[in-house]
Amino acid sequence: MVRTAVKVLVNGYGVIGKRVADAVIKQDDLKLVGISDVVADWRVKMAQAKGINVYASLPEKVDEMKKGGVQVHGTLENLLRDGDVDVVVDCTPAKVGAKNKSLYEKYGIKGVFQGGERHEVAGISFVAQRNYEDALGKQFVRVVSCNTTAICRVVGGLHERLGVSKARVVIIRRAVDVWESSRTGIMNTVVPELHIPSHHGPDAQTVIPSLNITTLAAKGSHNLYHLHMAMVELKNQVRVEDVINVLESEPRIVFVSGSDGVEGLNSIFEISRDLGRSRGDLYEVPVWYDSISVSHDGKEVYLIWATPNESNVIPENIDAIRSITELESNRFNSIKKTDTSLNVIKKLY
Ligand SMILES: NC(=O)c1ccc[n+]([C@@H]2O[C@H](COP(=O)([O-])OP(=O)(O)OC[C@H]3O[C@@H](n4cnc5c(N)ncnc54)[C@H](O)[C@@H]3O)[C@@H](O)[C@H]2O)c1
């Protein structure tokens with residue numbers, strides 16, 4: 001039986017929403033109905049310029065958006081009521097998704113929330129490589145944050161294959177997203193998060209409950225990517241080659257190397273632009289090959305990676321849609337389909 005394409009609406013066309021919308025357009029089993037938002041600035045006008053239908057997320061915003069020069073095709077609620085949407089990918093700012101949930105429930109629409117929402121909003125926190133099957137057929141799912149996604153890919157992969165007894169990850173976060181660097185951010189300092197553990201460790205446990213992990217975080221004064229430094233104790237002795245083999249076989253992880261001149265986050269950002277990716281997006285998590293080390297007793301692994309915060313969760317959003325709509329029941333098939341469509345690769349250069 002040939003299934004018709006799943007109809008997807010992206011609510012909130014910011015950093016994550018615009019990338020999810022573009023990724024949905026690239027899937028042959030999904031159809032982008034449009035996007036909805038509450039503003040009429042250049043970002044939403046960009047959607048219109050690309051030929052994407054724009055809707056108002058709140059009825060009281062229709063006039064304002066029209067006055068701002070956006071051709072509003074209707075309201076989000078009317079669209080949901082008329083049965084024109086199967087799945088809403090809610091990419092509104094943190095905590096707004098929780099408020100939107102009752103609207104999706106009212107019309108029996110499936111929803112994908114983002115990492116800014118609490119785990120309880122969806123009840124299932126999702127990283128495709130780790131727990132795709134848990135979300136099959138569910139009404140709601142939450143794609144975890146960029147940091148948690150990276151931890152679940154790298155440390156989760158080591159845990160599944162080598163057995164992690166204790167992981168500690170130190171995160172140097174970017175201060176602000178590029179588009180809003182003119183509004184906020186910090187300069188010439190590093191600001192530690194004094195609550196320990198930072199929320200990222202407990203968040204990773206919502207995806208991998210058996211992972212013993214503690215995270216510490218600080219905010220840097222840059223605006224490109226996050227940097228993660230990990231110390232991972234294993235249940236058994238390993239060699240560097242064992243760690244490399246695991247990471248080589250994990251989807252959406254790539255290696256970069258200091259010996260190739262990849263000196264910092266800036267080098268990786270330049271590589272992503274050289275690849276010709278839209279917006280210089282990197283869906284993969286780049287691990288510094290030369291950072292991978294093992295302690296003398298072979299029971300602790302050290303490694304450093306970059307977390308491309310604007311884009312690494314985009315493939316997970318596509319897989320999350322496939323899982324909750326049961327378009328595909330096997331994680332590897334969905335990951336492969338998503339990665340082929342987005343040109344996710346195993347070797348950056
Ligand atoms: N920015 C990142 O690096 C990043 C990475 C991973 C996950 N996330 C998560 O993704 C979600 C979205 O973050 P973002 O960075 O894309 O935010 P953003 O601020 O870039 O975009 C949010 C968009 O939602 C719109 N909006 C605001 N209120 C709305 C409402 N009531 N209804 C509909 N639209 C509304 C805004 O106008 C804006 O276009 C958050 O949960 C965040 O934690 C962000």
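The values are calculated or read from the model by the stated rules, or taken from the named source; none is laboratory data. Keep in mind the model is a prediction, meaning the values are calculated, not measured. Cβ atoms come from the backbone with ideal geometry, glycine included; neighbour counts cover every protein chain shown. What goes into the accessible areas is simple: the full protein's heavy atoms, side chains included, and nothing from ligands, DNA or RNA. Shrake-Rupley method; radii C 1.70, N 1.55, O 1.52, S 1.80 Å.
Summary of values
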read-out	value
Selection count where residues are more than 15 Å from the ligand (Cβ to nearest atom) and touching a residue at least 40 places away in the same chain (Cβ under 8 Å), scope the range 115-133	5
Residue in the range 48-58 that is more than 10 Å from the ligand (Cβ to nearest atom) and in contact with a helix residue (DSSP H, G or I) (Cβ under 8 Å, 6 or more places away or on another chain) present	yes
Pair list, Cβ under 7 Å, 6 or more apart: the range 50-70 residue in a loop (DSSP other than H, G, I, E, B), other residue open to solvent by less than 30 Å² (accessible area, probe 1.4 Å) and polar (S, T, N, Q)	57/11; 57/36
Only one of 169, 112 that is touching a residue at least 40 places away in the same chain (Cβ under 8 Å), assigned to a strand (DSSP E or B), open to solvent by less than 20 Å² (accessible area, probe 1.4 Å) and within 15 Å of the ligand (Cβ to nearest atom)	112
The range 21-39, residues that are crowded, with 21+ Cβ neighbours inside 10 Å and more than 22 Å from the chain's Cα centre (by Cα)	none
Condition check for residue 154: touching a Phe, Trp or Tyr at 6+ places or on another chain (Cβ under 7 Å), of a type outside the set (Lys, Arg) and more than 16 Å from the ligand (Cβ to nearest atom)	yes
Check on residue 10, open to solvent by less than 10 Å² (accessible area, probe 1.4 Å), among the hydrophobic types (A, V, I, L, M, F, W, C) and not assigned by TED's automatic domain parsing to the domain that holds residue 282	yes
Per-region count, the range 328-348, residues in a loop (DSSP other than H, G, I, E, B) and either modelled with pLDDT under 95 or in contact with a Lys or Arg (Cβ under 7 Å, 6 or more places away or on another chain) (or both)	2
Count of residues meeting criterion [open to solvent by 30 Å² or more (accessible area, probe 1.4 Å) and not in a helix (DSSP H, G or I)] in the range 71-80	2
Any chance residue 283 is among the aromatic types (Phe, Trp, Tyr), in contact with a Ser or Thr (Cβ under 6 Å, 6 or more places away or on another chain) and either open to solvent by less than 10 Å² (accessible area, probe 1.4 Å) or within 16 Å of the ligand (Cβ to nearest atom) (or both)	yes
Every residue from the range 286-320 that is part of a helix (DSSP H, G or I) and either among the basic types (Lys, Arg) or open to solvent by less than 30 Å² (accessible area, probe 1.4 Å) (or both)	291, 314, 315, 316, 317, 318, 319, 320
Check on residue 273, open to solvent by 50 Å² or more (accessible area, probe 1.4 Å) and either farther than 17 Å from residue 304 by Cβ or in contact with a Leu (Cβ under 9 Å, 6 or more places away or on another chain) (or both)	yes
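A quick yes/no check of all residues on (1) open to solvent by 60 Å² or more (accessible area, probe 1.4 Å); (2) assigned to a helix (DSSP H, G or I); (3) within 16 Å of the ligand (Cβ to nearest atom):
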| position | (1), (2), (3) |
| --- | --- |
| 159 | no, yes, no |
| 165 | no, no, no |
| 176 | no, no, yes |
| 187 | yes, no, no |
| 195 | yes, no, no |
| 201 | no, yes, no |
| 211 | no, no, no |
| 221 | no, no, no |
